[in-house]
Amino acid sequence: MTHRISRRECLKTLAVSSAALPASAPWPALAGGPPGSSSGYIDGHVHVWSSDTIRYPLAPDQRKEQMRPASFTPEDFFTHAGRCGVTRANLIQMSYYGFDNSYMLDMIAAHPGAFVGTAIVDPFGPDLEGEMTRLAARGCPAFRIQPAHSKQPPESWLRPEPMERMFAIAAKHRLILSTLIRWDALPELERVCGKHPDTQVIIDHLCLLATGDTQPPTEEHMNRLAVMAKHPRVFLKVGAFYALGERTPPYLDLLPLIRRMVEAFTPSRCLWESDCPFQVTNHSYEDSIALIRDHADFLSASDKDRILRGTAESLFFQR
């Protein structure tokens, strides 16, 4: 799995198992309360998009036939998540829309309390700080960054001045940078985190350590990720299990990697993510949350609550 190809590769091979609910459909019964309830779990990473490409146009390099599934709405998400007691989520801007975050912003506004957003902005745009603060005011405290945005190789992906400036802007306004990277981009991230220690940074998908040439993860690669824990404002998303390791539920082969990283970062800097809708195409939502909730025996009940709810709540919902 690579920075941009990974998602497309998944989309080419997977087909969604659920159809969109009609707009008037009620929310499903939720184990943790209604959407937006503070009593339930929080999903740290969810993509949503609409089949209405007139109201929500695709980016110039995207085509409608690439949208698989044709849509994945908040209603679809809570159909899966509600059965598992998940009541809130951090929405991640979908690449279909490029730098136009309109659909995600509309969904945040339409479901008060249920969602926050991780937006994508053009780091080379004319008013980077202004764009980030405007989006933050509309419910997006986080911004996704990756080597593809800087058009530089992983070892120098943060060298362009606007990329590093995002760290200063994020620190100034108490925003978060969420990184989609592999192990080879970690040294450059560590360099910049050292220069900007007040910037909150999230590493997505366990840094994709259990994919491709890092499956199974090597000691070198795990050490490289664990070193990032020395930066107290760096967090780690634990999820996207459908795409990692043996890619077979209940994903028990991933537990040693998860244990190693939780020990390094501590539960207070780890947050669970499903990476919906991709988790629920060939696998189930229950498969993902159960790995932490039911199978991670090395975690205490309070550790599990922190990873499944508390860390994301403090990052995204208590601002």
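Here are a few things to note about the model shown:
- Of all residues in segment 217-233, none satisfies being in contact with a strand residue (DSSP E or B) (Cβ under 8 Å, 6 or more places away or on another chain), within 19 Å of residue 305 (Cα to Cα) and among the hydrophobic types (A, V, I, L, M, F, W, C).
- Exactly one residue out of 308, 271, 291 is in contact (Cβ under 8 Å) with a residue 12 or more places away in the chain, under 19 Å from residue 205 (Cβ atoms) and surrounded by fewer than 23 Cβ atoms within 10 Å (Cβ to Cβ): that is 291.
- Of all the numbered requirements in (1) of a type outside the set (Asp, Glu); (2) in a helix (DSSP H, G or I); (3) surrounded by fewer than 22 Cβ atoms within 10 Å (Cβ to Cβ), residue 280 misses one, and that requirement is (3).
- Checking 83, 55, 63 one by one, the residue that is among the basic types (Lys, Arg) and either within 21 Å of the chain's Cα centre (by Cα) or surrounded by 22 or more Cβ atoms within 10 Å (Cβ to Cβ) (or both) is 83 and no other.
- Residue 112 meets the conditions (1) in contact with a Gly (Cβ under 7 Å, 6 or more places away or on another chain); (2) buried (at least 17 other Cβ atoms within 10 Å of the Cβ) in every case but one. The failed one is (2).
- Members of segment 133-149 found to be hydrophobic (A, V, I, L, M, F, W, C), under 23 Å from residue 205 (Cβ atoms) and in a helix (DSSP H, G or I), listed by number: 135, 148
- Inter-residue pairs, beta-carbon under 6 Å, first in contact (Cβ under 8 Å) with a residue 12 or more places away in the chain and in segment 71-88, second of a type in the set (A, V, I, L, M, F, W, C) and in a helix (DSSP H, G or I), 6+ apart: 74/107; 80/280; 84/289
- Flag for residue 125 being at negative phi, outside any helix (DSSP H, G or I), surrounded by fewer than 20 Cβ atoms within 10 Å (Cβ to Cβ) and touching a residue at least 24 places away in the same chain (Cβ under 8 Å): yes
Here's the yes/no breakdown for (1) under 17 Å from the mean Cα position of the chain (by Cα); (2) crowded, with 21+ Cβ neighbours inside 10 Å; (3) basic (Lys, Arg):
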residue: 134; (1), (2), (3): no, no, yes
residue: 151; (1), (2), (3): no, no, yes
residue: 155; (1), (2), (3): no, no, no
residue: 161; (1), (2), (3): no, no, no
residue: 201; (1), (2), (3): yes, yes, no
residue: 207; (1), (2), (3): yes, yes, no
residue: 226; (1), (2), (3): no, no, no
residue: 240; (1), (2), (3): yes, yes, no
residue: 246; (1), (2), (3): no, no, no
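- Search result, residues across segment 66-80 that are part of a loop (DSSP other than H, G, I, E, B) and either crowded, with 18+ Cβ neighbours inside 10 Å or not hydrophobic (A, V, I, L, M, F, W, C) (or both): 67, 68, 69, 71, 73
Any read-out appearing in this document is the output of simple, stated calculations on the displayed coordinates, not a laboratory observation. In this text the structure is predicted, and so the values were computed from the model without any measurement. Using ideal geometry, Cβ is built from the backbone for each residue, glycine included, and neighbour counts are taken over all protein chains shown.
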